[in-house]
Structures are given as structure tokens and as C-alpha cells.
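Everything on this sheet refers to the single structure shown next.
The values are calculated or read from the model by the stated rules, or taken from the named source; none is laboratory data. Since we're looking at a predicted model, the values are computed, not measured. Backbone-built Cβ (ideal geometry, glycine too); neighbour counts: all protein chains shown.
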Amino acid sequence: MPSVMASVTETKTSAPAALLADLRRIVGDAWVLSDPDDLLLYEYDGSVDRALPDAVVFPDTTAQVQAIVQSGLRHGVPVVARGAGTGLSGGAIARCGGIVVATSRMNRILEVDTRNRRAVVEPGVVNADLSAHTHRFGFHYAPDPSSQYACTLGGNIATNAGGPHTLLYGVTTNHVLGIEFVTMDGRVVTTSALPDGPGYDLTGLFCGSEGTFGIVTRAVVQLVHTPAGVRTLLASFDSVPACSAAVSGIVAAGIVPAAVEMMDQLALEAVAAFIPRANLPVDAAAVLLLDVDGVPAELNDREAEIRDVLLANEARDIRVAQNDAERNLFWLGRKSAFGAMGRISPDYYVQDGVIPRTTIAYVLDEIRRISRSFELPIANVFHAGDGNLHPLLLFDNRVPGELDRVLDAGTAILQVCVDVGGMLSGEHGIGMEKQAAMPLVYGPDDLDAMRRVQQVFDPHALFNPNKILPAPVGCAEVNNLRRSASETSA
Ligand SMILES: Cc1cc2nc3c(=O)[nH]c(=O)nc-3n(C[C@H](O)[C@H](O)[C@H](O)COP(=O)(O)OP(=O)(O)OC[C@H]3O[C@@H](n4cnc5c(N)ncnc54)[C@H](O)[C@@H]3O)c2cc1C
């Protein structure tokens with residue numbers, strides 16, 4: 001996670017003693033934090049923003065979440081759900097102060113139903129723990145964010161998380177069958193977990209709503225069979241355009257690997273310094289890491305098809321993982337890439353844009369141009385198969401003004417993504433990081449329509465206020481409006 005911190009809370013409420021007394025009565029003294037030193041740990045996520053909450057509370061049951069939400073409404077303070085805080089867009093930050101509802105105690109896998117290929121989980125279950133638990137039955141949970149050893153399923157649902165293997169299997173929304181959530185007035189709503197039920201797809205609507213509609217307290221998720229065989233290839237290239245062309249070549253050939261990840265030379269340098277035993281080709285301009293899933297009898301054919309495309313696009317070397325240990329090492333390198341930046345830079349800022357796959361070479365070239373003109377090294381490590389870029393802007397936050405330059409460079413990259421027909425975020429969400437960029441792709445009518453949907457769920461802006469949509473008013477106004485609404489309804 002980056003060690004940088006940027007903007008500070010706009011305006012926050014202060015926790016009234018009555019609110020703290022309420023919270024302590026609901027969950028017990030041990031599960032409420034209000035000491036300023038303790039709150040500091042909850043003022044940030046994986047992004048560059050920060051803001052102090054008034055209290056952090058750790059419920060253990062849905063009933064406790066209901067009571068907490070009702071208390072927040074009664075006292076007119078915001079309620080912000082928090083999973084593991086690995087989010088990269090400021091989603092779990094209590095921007096307008098209020099209560100952070102941390103789900104870490106609600107981490108039970110309640111049921112595994114292999115006949116129907118589904119599991120019932122609480123929101124605080126760590127993503128990788130679900131797969132670790134279900135492997136013994138021959139199943140796993142497919143969406144695998146690179147943060148999967150820390151991030152929670154509740155956070156994944158709220159951000160509609162992706163991951164390397166979502167190229168073949170689909171993102172979170174494709175794997176969440178139903179949810180239970182607590183509404184603004186403290187009711188519990190359960191959406192149908194049956195496929196293709198009539199009526200609106202509330203489950204789908206919740207995926208990616210970033211905690212602004214309600215708090216997910218339970219989810220029914222789909223499990224997939226663990227593939228009988230996996231082939232992992234690491235292909236090196238002497239040029240970034242050739243590597244990029246190989247990505248669109250694979251897709252154009254009708255091949256759908258389980259994962260196609262790309263790392264450029266700077267990213268390789270950082271990862272190699274972090275995991276020397278992976279023996280990565282640090283002199284390559286870029287590499288592709290590919291997984292092909294299937295029955296063992298088919299894997300040779302799949303590998304041969306992919307090799308043809310890689311070689312046709314000037315791959316200079318193709319390594320095939322010889323066993324699980326080597327495969328895991330390749331993937332450890334990829335999944336540790338963000339953290340590995342610490343080996344080559346004091347700080348980094350991750351941008352997250354999605355672009356048409358055929359434009360990868362052009363956009364990476366533009367990123368190189370931006371890197372030069374802003375005088376900032378930029379490493380690229382990303383879900384190439386999905387066209388989901390993650391430029392990592394390397395800098396030193398101790399240098400005055402550096403962060404502003406980084407954020408400007410990040411905006412310039414986002415503009416390039418939009419210009420080629422891409423989107424503001426591939427998977428990290430909008431949070432408070434990219435609100436201001438929303439008008440780059442949405443007109444006033446679109447934003448108004450989204451705001452009206454949000455108000456259906458949360459007319460008092462109780463849940464995670466001033467996130468996603470450009471804020472028409474600041475936190476002070478939002479908090480005042482909520483307080484007067486709660487006084488009127490009291
Ligand atoms: C090293 C690293 C690698 C990453 N790789 C990926 C990746 O490959 N793919 C990807 O998609 N993301 C990735 N991320 C981003 C992040 O891990 C995901 O966004 C993840 O889904 C966040 O989960 P979390 O539990 O940490 O949620 P948090 O950061 O705690 O919260 C994220 C959002 O979810 C909301 N939320 C949390 N719990 C609930 C709930 N129970 N009900 C309602 N709303 C809730 C919060 O309010 C917030 O808006 C990465 C992050 C890091 C640091």
C-alpha cells in the first residue's frame with residue numbers, strides 16, 4: 001500500500017457522547033474505538049486520501065449492524081462500511097466523519113453447498129480464505145484481486161472487484177447470487193439468490209455501489225470447479241508494442257486464457273528485487289504472464305496455439321512453469337508487484353483505467369510520454385487481457401509538491417484512457433479519488449439519474465456520503481441536511 005497521504009477531511013462531525021454510549025451498548029465497550037490514536041489507523045485505505053472517523057465499531061451480527069445504522073440515523077452522522085481497507089480509491093474513508101463499521105468480526109463462512117456450487121458468507125470473509133476453505137471440495141471462488149490475502153468479500157462486492165483470472169471467469173458481479181443488506185432505516189433486505197428471478201436485479205445494482213446503498217451483511221456466492229489442469233507461461237518481449245500486440249493477437253485468435261497479465265521493465269525490476277528466486281527476465285522490455293485452465297489432455301493444444309501467437313509477435317523467450325512451486329512463484333511476483341515498488345521508490349500512486357485491448361500499445365506509449373513530461377518514473381503492471389491498466393507513478397512524498405504533480409499526471413493518463421474510448425476505472429472504483437473525473441464520461445443527465453438511484457436507497461445521504469458522484473455540496477452541508485432530517489423524523 002502506498003505510504004503517501006494527501007487530502008484531509010473536509011469537515012467532520014464530532015462523536016457525541018450519546019452516540020458513543022449507543023454504540024457501546026450495541027456491541028460492547030471492547031468493540032468501539034473513539035480514542036484519537038486508535039482512529040488514526042482508520043483514516044486511510046490504500047489510496048492517497050485520508051479523513052478521520054468519529055468512531056470505529058466492530059459488529060458481530062446483522063442485528064448489531066441494524067442497530068448501528070439506526071443509531072447513525074438518529075444522531076445524524078454518516079455510516080461508512082469498511083472491509084480490509086485495501087481499496088485504492090478512498091471508498092472506505094469516512095470523508096465526512098461519522099461511524100466506520102468494520103466487518104472484520106463478521107468473517108464466517110456459514111455454508112458450503114457443493115451440489116448447488118455456492119457458499120453463504122459473511123462480508124468480512126477474506127477473499128482467499130473462501131477458496132482455501134473450498135479447495136478440499138474441488139471448488140474455489142473465482143474473482144481473485146491481487147489483494148486477495150487481505151481484502152474481504154464485502155469490499156469486493158461493493159467495488160465489483162476484478163483480478164487476473166476474471167478474464168475467463170468474470171468479475172465479482174458474475175459470482176454473487178444474492179445478498180442480505182441493511183438499509184438506511186435499519187431494515188434487513190434479502191435479494192433472491194435464484195438465477196434469472198423476475199424483477200430488477202438488485203444484487204447486480206449493489207455490486208460496485210461502494211457502500212452508498214447499504215451495508216452488506218451476508219452474501220450467497222457462486223463457486224467454480226477448480227480446473228483439472230493449469231498451464232502457466234511467462235513470455236518475454238524486447239518491445240512493449242510487440243508485447244501489447246500479442247495480447248490482442250491472442251484474443252483475436254479466439255483463445256481465452258484464464259489470465260493474461262503484463263509487466264513492463266520497471267515493474268520487473270521491482271519484482272525481481274523483491275523475489276530474486278523468481279529469476280525474472282529483468283532485461284526484457286515487457287513480459288506476459290498467462291494461465292490456461294483446462295483438462296490436462298487439452299492443455300498441450302492450448303499452449304501450442306498461444307505459443308504460435310506469442311512467437312508471431314516476436315516473443316523472444318517463453319518459459320513454462322514446470323511445477324506448482326514455479327507457477328506459484330511467477331504468480332507471487334505478479335501479485336506482490338504493487339508492494340514490490342517499495343524496493344525502488346519511497347512512494348507510489350496507482351492509476352486504474354480500462355481501455356480497448358487494441359489500444360494498449362498506443363496508451364502505454366502515451367503513458368511513457370506523460371512520464372517524461374512530468375518527470376516521473378511510471379511502472380506498468382496490469383490485467384492486459386481485460387485492457388485494465390495500472391500505471392504505478394513512483395515518487396517521493398517528502399518532496400514538497402510531488403504529490404500534486406503525481407495526481408496531475410494521473411489525470412492526464414485517465415484522459416488518454418477516455419480519449420481512446422475507455423473508462424475511469426476498471427476495478428478500483430471511483431470513491432473520493434475520481435469523483436471529479438466523472439463528468440469526463442457522464443453528462444449531467446447521466447449523473448442526475450445515478451444520483452436519483454442512490455437517493456432511492458439512501459435519501460438522507462447516511463451511507464458513505466460524498467462518494468462516487470461529484471458532490472454538489474460539501475460535507476458540512478450534507479451533514480447539516482442529514483441532522484435536520486433526523487431531527488424532523490425524530
Ligand atoms: C496490493 C493491492 C492489489 C489490488 N489488486 C486488486 C485487483 O487485482 N482487483 C481489484 O478489483 N482490486 C484490487 N485492489 C483494490 C482492493 O483490494 C479492492 O477494491 C477490494 O475489493 C477492497 O476490499 P476491502 O475489503 O479492502 O474493502 P475496503 O477498502 O474496506 O472498502 C472498499 C469499498 O467497499 C465498501 N464496503 C466494504 N465492505 C462493505 C460492506 N459489507 N457493505 C457495503 N459496502 C462495503 C467500502 O465502504 C468502500 O466503499 C488491490 C489493492 C491493493 C492494495
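Condition check ((1) more than 10 Å from the ligand (Cβ to nearest atom); (2) within 23 Å of Pro257 (Cα to Cα); (3) without any contact (Cβ under 8 Å) to a residue 60 or more places away in the chain) across all residues:
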residue	(1), (2), (3)
Arg105	yes, no, no
His133	yes, no, yes
Phe139	yes, yes, no
Asp185	yes, no, no
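If we scan region 402-420, do we find a residue that is under 21 Å from Ala245 (Cβ atoms), touching a helix residue (DSSP H, G or I) at 6+ places or on another chain (Cβ under 6 Å) and surrounded by fewer than 20 Cβ atoms within 10 Å (Cβ to Cβ)?
yes
Going by what's in this entry, would Ala63 be described as touching a helix residue (DSSP H, G or I) at 6+ places or on another chain (Cβ under 6 Å) and in a helix (DSSP H, G or I)? Explain how you work it out, then say what you get.
On the way: touching a helix residue (DSSP H, G or I) at 6+ places or on another chain (Cβ under 6 Å): no; in a helix (DSSP H, G or I): yes.
For Ala63, the condition - touching a helix residue (DSSP H, G or I) at 6+ places or on another chain (Cβ under 6 Å) and in a helix (DSSP H, G or I) - is not met.
So which residues in region 434-485 are under 21 Å from the mean Cα position of the chain (by Cα) and basic (Lys, Arg)?
Those that are under 21 Å from the mean Cα position of the chain (by Cα) and basic (Lys, Arg): Lys434, Lys467.
Take Leu311 and decide whether it is outside any loop (DSSP other than H, G, I, E, B) and either within 16 Å of the ligand (Cβ to nearest atom) or closer than 30 Å to Val399 by Cα (or both). Write out each step before concluding.
Working: outside any loop (DSSP other than H, G, I, E, B): yes; either within 16 Å of the ligand (Cβ to nearest atom) or closer than 30 Å to Val399 by Cα (or both): no.
In short, no.
Write out, first by first residue and then by second, each pair whose Cβ atoms fall under 8 Å of each other, whose residues are 6+ apart or on separate chains, and whose first residue, in region 447-464, is without any contact (Cβ under 8 Å) to a residue 40 or more places away in the chain while the second is within 16 Å of the ligand (Cβ to nearest atom).
The qualifying pairs are Leu447/Met438; Leu447/Leu469; Met450/Ile468; Met450/Leu469; Arg451/Leu469.
Within region 320-340, does at least one residue satisfy the condition of being in contact with a Lys or Arg (Cβ under 8 Å, 6 or more places away or on another chain), modelled with pLDDT of 95 or more and more than 16 Å from the ligand (Cβ to nearest atom)? Talk me through it step by step, then tell me what you get.
The initial filter retains those residues of region 320-340 that are in contact with a Lys or Arg (Cβ under 8 Å, 6 or more places away or on another chain), namely 320-321, 329.
Right, trim to modelled with pLDDT of 95 or more and you get 320-321.
From the residues that got through so far, the ones that are more than 16 Å from the ligand (Cβ to nearest atom) too are 320-321.
Yes, that holds for at least one residue.
Between a residue in region 284-299 that is in contact (Cβ under 8 Å) with a residue 24 or more places away in the chain and any residue that is among the aromatic types (Phe, Trp, Tyr) and assigned to a strand (DSSP E or B), which pairs come within a Cβ distance under 8 Å, given they are 6 or more apart or on different chains?
What qualifies is Ala284/Phe237; Ala285/Phe237; Ala286/Phe237; Val287/Phe237; Leu288/Phe237.
Yes or no: region 191-205 includes at least one residue that is in contact with a His (Cβ under 9 Å, 6 or more places away or on another chain) and not small (Gly, Ala, Ser).
Going residue by residue through region 191-205, those that are in contact with a His (Cβ under 9 Å, 6 or more places away or on another chain) are none.
There is no residue in region 191-205 that is in contact with a His (Cβ under 9 Å, 6 or more places away or on another chain) and not small (Gly, Ala, Ser).
Name the single residue that is farthest from the ligand (Cβ to nearest atom) among those in region 450-483 being buried (at least 16 other Cβ atoms within 10 Å of the Cβ) and of a type in the set (Lys, Arg).
The selected residue is Arg482.
Please give the number of the condition His175 fails out of (1) surrounded by 20 or more Cβ atoms within 10 Å (Cβ to Cβ); (2) over 17 Å from Arg117 (Cα atoms).
Failing condition for His175: (2).
Cβ-Cβ under 7 Å, sequence separation 6+ or interchain: first residue in region 43-64 and under 17 Å from Pro123 (Cα atoms), partner within 11 Å of the ligand (Cβ to nearest atom) and part of a helix (DSSP H, G or I). Which pairs?
Once the first residue is under 17 Å from Pro123 (Cα atoms) and sits in region 43-64, its partners that are within 11 Å of the ligand (Cβ to nearest atom) and part of a helix (DSSP H, G or I) give Val56/Tyr42; Pro59/Val65.
Report yes if some residue within region 200-222 is without any contact (Cβ under 8 Å) to a residue 60 or more places away in the chain, crowded, with 19+ Cβ neighbours inside 10 Å and of a type in the set (Phe, Trp, Tyr); otherwise report no.
For region 200-222, residues without any contact (Cβ under 8 Å) to a residue 60 or more places away in the chain, crowded, with 19+ Cβ neighbours inside 10 Å and of a type in the set (Phe, Trp, Tyr): present.
Please go through region 423-449 and pick out each residue that is more than 16 Å from the ligand (Cβ to nearest atom) and under 16 Å from Leu389 (Cβ atoms). Full working, then the answer.
To start, the set of residues in region 423-449 that are more than 16 Å from the ligand (Cβ to nearest atom) comprises 436-437, 439-449.
Within region 423-449, Ala437, Leu440, Val441 meet the criteria.
Could you tell me how many of the residues in region 40-60 are farther than 22 Å from Gly474 by Cα and either over 21 Å from the mean Cα position of the chain (by Cα) or assigned to a helix (DSSP H, G or I) (or both)? Full working, then the answer.
First, pick out the residues of region 40-60 that are farther than 22 Å from Gly474 by Cα: 40-41, 46, 56-60.
So of that shortlist, the ones also either over 21 Å from the mean Cα position of the chain (by Cα) or assigned to a helix (DSSP H, G or I) (or both) come out as 40-41, 56-60.
Residues meeting the conditions: 7.
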